[in-house]
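The values are calculated or read from the model by the stated rules, or taken from the named source; none is laboratory data. Everything quoted here is computed from the prediction, not taken from an experiment. Heads up, the Cβs are rebuilt from the backbone with ideal geometry, glycines too, and the neighbour counts pull from every protein chain shown.
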Amino acid sequence: MKEVQTVCARDCYDTCALLVTLDESGQVLKIRGDQRNPMTQGFTCPRGAKDHERLFQNRVEAPALRQGDHFVRTDWGTALSMVSEKLAEVLQKHGREAALYLDYAGNTGLLTGAFPTRLWNALGATQTDHAICSASGHAAIGLHYGDSYGMAPPELLSRDLIVFWGFNAAVSSPHIWSLARKARRARGTRIVVIDPRESRTARDADLWIQPWPGSDVALGFGLVNYLTQKGYVDLGFLKDWTLGFEHLEEEAAKYGPDCVEHITGVAWNHVERLGEAYGNLKPSATLIGIGLQKCDQGADQVRAVSLIPALLGQHRGFFYSSASAFSIDEELISGRALAEKVPEVVSQVAVANLVGRGDFKFIYVSCMNPALTLPNQHALRKGLSKGDVFLVVHDTHWTKTAEYADVVLPAPTYLEKEDLVIPWSHDHVQLSPEVVPPVTDSRSESWVMRELAKRLRLAEDWLFEDPWASVELALEDALEKGSVGSLRSGGVLKLRSKPKDNYATPSGKIEFYSSKAAGLGLTPLPTQVPLSIPKGEFILLTSATPRYTSTQFQEVYGAIPAVVIINAQDAEQLSIQNGDVVALSNDLGEVKVKATVSGTVREGIVWSPRQSEGLMGQPQNCLMSGQPQEIGGGPRFNSARVTITKP
Ligand SMILES: Nc1nc2c(c(=O)[nH]1)N[C@H]1C(S)=C(S)[C@@H](COP(=O)(O)OP(=O)(O)OC[C@H]3O[C@@H](n4cnc5c(=O)[nH]c(N)nc54)[C@H](O)[C@@H]3O)O[C@H]1N2
Ligand SMILES: Nc1nc2c(c(=O)[nH]1)N[C@H]1C(S)=C(S)[C@@H](COP(=O)(O)OP(=O)(O)OC[C@H]3O[C@@H](n4cnc5c(=O)[nH]c(N)nc54)[C@H](O)[C@@H]3O)O[C@H]1N2
Ligand code: SF4
Ligand SMILES: [Mo]
């Protein structure tokens, strides 16, 4: 038996350091979290613990070609020739804009995600802005702070108040959640959760505040108003480090008890309790969830919430995602900085529309399952089904998107290839070695990229560079001590974080009243837009669940449940009983699911596990708008309106 260190490459807050136990024959026996990593704390989530089982389930075994309504197995040479010939034909006939590279964060390793983009940059093919997840929140914080990085989660252990705002950490970041609970046990830290529904995190909070979805700007302003009136604001800090407080104060003064109660549905005494907690329990941590920013006013909500710690005299006293704290030259790894051609970059949130109207004749998907995860599914699937659209999918497992493909290429999982994963919360890095040799006839993304480049006779030498050489260069300023060489020989190193009191705003200060926003024609202060839910309609919230990472792990845990959670009063009104089949519909689509009657949502709101399929196989995301947010271009999943009927 032996134990090998590696890193979970999933799109996850936690980026766990893992210990994989192998038997004498090299089979994986178990995977556990590494105790030595201060974030991982010796445990994994239910997905990490099952990755070795998933090595052998539902895998793409070999390259596969579509023949009518099924796939036939082929060899790599045939598959790659077919892909490169088709790509060359599309480039020649329709131009480089007609080839789309559609990728996201199924594996966040630099060699799997960033480096293979070199091919598409060399070709100048169309790419997306990667805005499907967190982009609006990043842009929002950037307006006031310059960059969006905040505190590192291990700092939670020294905080007296931890506020999870639109963040279901007990499910979506079990290790941040564990740190918060440790702080509570060790020093009596208070945990507050702000979420329209009773999430797992809310259930275990000391105080749960339940605003209407999309009303957090008003809640934030109410809080600012309270903190200002009670003298909890740190005037010295405001003077030295910030600009524009007087504008914020003036705006927030409009948000008194009646106004806040009316917009948010939160009783004023809850705002007072939150204000007292912020005023008295110092230092605090405000953890901003990705869930907070996936709605019509998502970016403005994040703007408002991110300003609260600054009032209390804290440098970046929030956490959102720390990716921008580290100095890694991703543009070098991805080849964007090297390529002559400038690719067209289209909105990922809106791309379904473009695919639907036939803008692309060649689509290459990697590390993503767009046929379930993107909004506006009917348009997307219509486009993917067109006879003149050639679709290639490179994935570890069979997916819904692969069902639409002309060619499916098998990829190694993170256990089967060498890589380097940069976390987006903590700052520990280590190599992901090839823990086991590939169990299918898979090839890595970097290998496929090189092979396609050869077949397309591309001359750029940076396409054929050793990926590690580019990583070494891109990480030149990234590590506190040591080198990529020491990482490759098994060292665990720390990333150097940018200082917390450095603000890349035009004034160099925290700008409550954002000059950048003004320059872009946006409101300099966050703005609460009026909310209205037409009678008979419901807001459908969708968010992460414990056993799946987006659409992954259904081979282990079964299909993502096709359910909707509805409040008892609403159910009674609509004569819906627990377990009834109901149709959720709007002008974009219809999905049939089973109703679960529960007090975890209030009247007017329903909740479903995200990225699921309905009972008849309809994708949940056929109900979602593909209209990007104005700030950051992010999605609006949590603003979906549906009617509910019994078929
Ligand atoms: N309704 C609704 N929809 C949502 C959201 C929501 O809140 N509500 N949230 C959105 C968010 S936040 C996100 S991040 C997106 C996620 O959207 P996706 O990124 O499409 O999500 P996944 O289903 O995880 O797809 C990742 C794919 O990468 C594959 N993969 C894993 N490892 C590798 C590898 O090493 N190589 C290759 N080539 N492939 C690999 C997996 O098998 C999987 O098919 O969904 C969005 N969709
Ligand atoms: N188990 C598991 N963990 C994951 C993932 C997974 O698929 N499964 N995916 C990873 C990825 S890609 C992401 S993006 C993150 C997502 O994880 P989180 O950042 O936690 O975001 P969500 O799960 O989208 O939503 C969190 C909460 O926001 C609430 N919410 C929705 N709208 C509003 C609002 O207007 N105001 C307030 N205050 N709250 C609101 C929802 O009710 C929900 O409980 O998790 C990562 N971790
Ligand atoms: S999915 Fe997240 S919590 Fe689970 S093992 Fe991977 S990094 Fe850790
Ligand atoms: Mo995400």
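Output the residues belonging to the stretch 23-63 that are within 14 Å of ligand 1 (Cβ to nearest atom) and farther than 22 Å from Gly558 by Cα.
Answer for the stretch 23-63, where residues must be within 14 Å of ligand 1 (Cβ to nearest atom) and farther than 22 Å from Gly558 by Cα: just Pro63.
In the list His270, His262, which residue meets the criterion of being at negative phi, in contact (Cβ under 8 Å) with a residue 40 or more places away in the chain and more than 16 Å from ligand 1 (Cβ to nearest atom)?
Just one listed residue meets the conditions, His270.
State all residues of the stretch 349-408 that are within 16 Å of ligand 4 (Cβ to nearest atom) and closer than 18 Å to Gln552 by Cα; if no residue qualifies, say none.
Those that are within 16 Å of ligand 4 (Cβ to nearest atom) and closer than 18 Å to Gln552 by Cα: Cys367, Met368, Asn369, Pro370, Leu372, Thr373, Leu374, Pro375.
Taking the stated definitions as given, is Thr542 within 16 Å of ligand 4 (Cβ to nearest atom) and either in a strand (DSSP E or B) or touching a residue at least 60 places away in the same chain (Cβ under 8 Å) (or both)?
Spelling it out, Thr542 is indeed within 16 Å of ligand 4 (Cβ to nearest atom) and either in a strand (DSSP E or B) or touching a residue at least 60 places away in the same chain (Cβ under 8 Å) (or both).
Consider the stretch 199-225. How many of its residues are over 12 Å from Trp165 (Cα atoms) and of a type in the set (Asp, Glu)?
Qualifying residue count for the region: 2.
Taking the stretch 291-324 on its own, how many of its residues are in contact with a Phe, Trp or Tyr (Cβ under 8 Å, 6 or more places away or on another chain), among the hydrophobic types (A, V, I, L, M, F, W, C) and crowded, with 24+ Cβ neighbours inside 10 Å?
8
Among the candidates Ser532, Ser585, Ser625, Ser598, single out the residue that is within 21 Å of Pro213 (Cα to Cα), without any contact (Cβ under 8 Å) to a residue 24 or more places away in the chain and not assigned by TED's automatic domain parsing to the domain that holds Thr44.
Only one candidate qualifies: Ser532.
Any residue at all in the stretch 201-218 that's surrounded by 17 or more Cβ atoms within 10 Å (Cβ to Cβ), farther than 20 Å from Glu276 by Cα and among the β-branched types (Val, Ile, Thr)?
Taking every residue of the stretch 201-218 in turn, at least one turns out to be surrounded by 17 or more Cβ atoms within 10 Å (Cβ to Cβ), farther than 20 Å from Glu276 by Cα and among the β-branched types (Val, Ile, Thr).
Please verify whether the stretch 518-539 includes one or more residues that are closer than 26 Å to Gly265 by Cα and either within 16 Å of ligand 1 (Cβ to nearest atom) or assigned to a helix (DSSP H, G or I) (or both).
yes
Among the small types (Gly, Ala, Ser) and either surrounded by 24 or more Cβ atoms within 10 Å (Cβ to Cβ) or outside any loop (DSSP other than H, G, I, E, B) (or both): is that true of Ala352 in this structure?
Spelling it out, Ala352 is indeed among the small types (Gly, Ala, Ser) and either surrounded by 24 or more Cβ atoms within 10 Å (Cβ to Cβ) or outside any loop (DSSP other than H, G, I, E, B) (or both).
Only helices (runs of 4 or more DSSP H) wholly contained in the stretch 186-248 count here; list those with 3 or more residues that are over 19 Å from Tyr513 (Cα atoms).
The helices (runs of 4 or more DSSP H) meeting that bar are 200-203.
How many of the residues in the stretch 548-586 are in a loop (DSSP other than H, G, I, E, B), within 16 Å of ligand 2 (Cβ to nearest atom) and surrounded by 18 or more Cβ atoms within 10 Å (Cβ to Cβ)?
Adding up the residues that qualify gives 6.
Under 16 Å from Cys16 (Cα atoms), among the polar types (S, T, N, Q) and assigned to a strand (DSSP E or B) - does that describe any residue in the stretch 423-435?
yes
Checking the conditions here, which among Thr108, Thr126, Thr117 is within 14 Å of ligand 2 (Cβ to nearest atom) and within 30 Å of Glu451 (Cβ to Cβ)?
Every option except Thr108 fails the conditions.
Condition first: out of contact with any Lys or Arg (no Cβ under 7 Å at 6 or more places or on another chain), touching a residue at least 12 places away in the same chain (Cβ under 8 Å) and either under 16 Å from Leu110 (Cα atoms) or among the aromatic types (Phe, Trp, Tyr) (or both). Can you find one or more residues in the stretch 514-527 that meet it?
no
List pairs: first in the stretch 443-460 and farther than 19 Å from Asp395 by Cα, second polar (S, T, N, Q) and assigned to a helix (DSSP H, G or I), Cβ under 8 Å, 6+ apart or cross-chain?
Arg455/Ser81; Arg455/Ser84; Leu456/Ser84
Considering only residues that are charged (D, E, K, R) and part of a helix (DSSP H, G or I), which ones fall in the stretch 375-397?
Selection gives Arg381, Lys382.
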